[in-house]
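Rule-based calculations on the coordinates, nothing more; no lab input. Just so it is clear, the model here is predicted, and its values are computed rather than measured. Glycine also receives a Cβ, built like all others from the backbone with ideal geometry; neighbour counts cover every protein chain displayed.
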Amino acid sequence: MKRIATLLFSALLLMISCNEVDPVYPDEPVVDYQGFGLYITTDPLGNITLIGQLTFDFTDGDGNLGLLPLVDTTDLNVPDTVKFNFFLHLYDLQGFDWVQIPEEDGGILKYRIPYLDKQPLSGTMDLKLSYPVIIYDTIFYTFYIYDRDFNRSNIDTTEIIVLSGIDLDDL
């Protein structure tokens, strides 16, 4: 009787431990802003540079996030969502109003998240932004990602980032 109880307890314990449930995420990617930090570093040429590090969490239920390396970048007619899958929009405080900086003035930054393939997909990413010259002094970013099915994530926002008072020439 004692042996049967031990076997039943072991079987129950085994069933409970094997019953791990994978999380369920939507097929559209989701981004969740975690933080933005600034630090000063020296680039490979010896120039002092301000670096911003954007940290965000992401999920994608069908796991089709990221792009393979580009083979041909000469075709200018290819839409940006084929060449890039991470977009940042820059806003600057001008007077008392937040103004979205136009793309031609460097207001839209485009990046490639490398190919990822795991269902479901979840993790944390860090993106480093270089500020070799400080043009705007009080900013924030909005950002979003696309998956390989061209599903766009939600748009998330950084906190206000103050760059005024940082003089790279004094370092």
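Mind ranking 52-60, 148-156 by how tightly packed they are, going by the mean number of other C-beta atoms within 10 angstrom, highest first?
The densest-packed peptide leads the list: 52-60, 148-156.
As a rough guide to protection, the peptides 109-117, 86-94 ranked by mean Cβ packing within 10 Å, highest first, stand as 86-94, 109-117. Normalised by the number of residues in region 23-170, the mean separation of alpha-carbon contacts (under 8 Å, six or more apart) gives a relative contact order of 32 percent. Per-peptide packing, taken as the mean over residues of other Cβ atoms within 10 Å, places 120-130, 41-51 in the sequence 120-130, 41-51 from highest down. The spacing between region 45-63 and region 103-171, judged by their C-alpha centroids, is 7 Å. Sorted ascending by nearby beta carbons within 10 Å, beginning with the fewest, Phe140, Phe36 become Phe140, Phe36.
For Asp57, the shell of other residues with beta-carbons less than 12 Å away shows a net charge of -4, using +1 for Lys and Arg and -1 for Asp and Glu. In loop segments of region 73-171 as defined by DSSP, the GluC sites (Glu not before Pro) with at most 15 further C-beta atoms inside 10 Å of their C-beta are Glu159.
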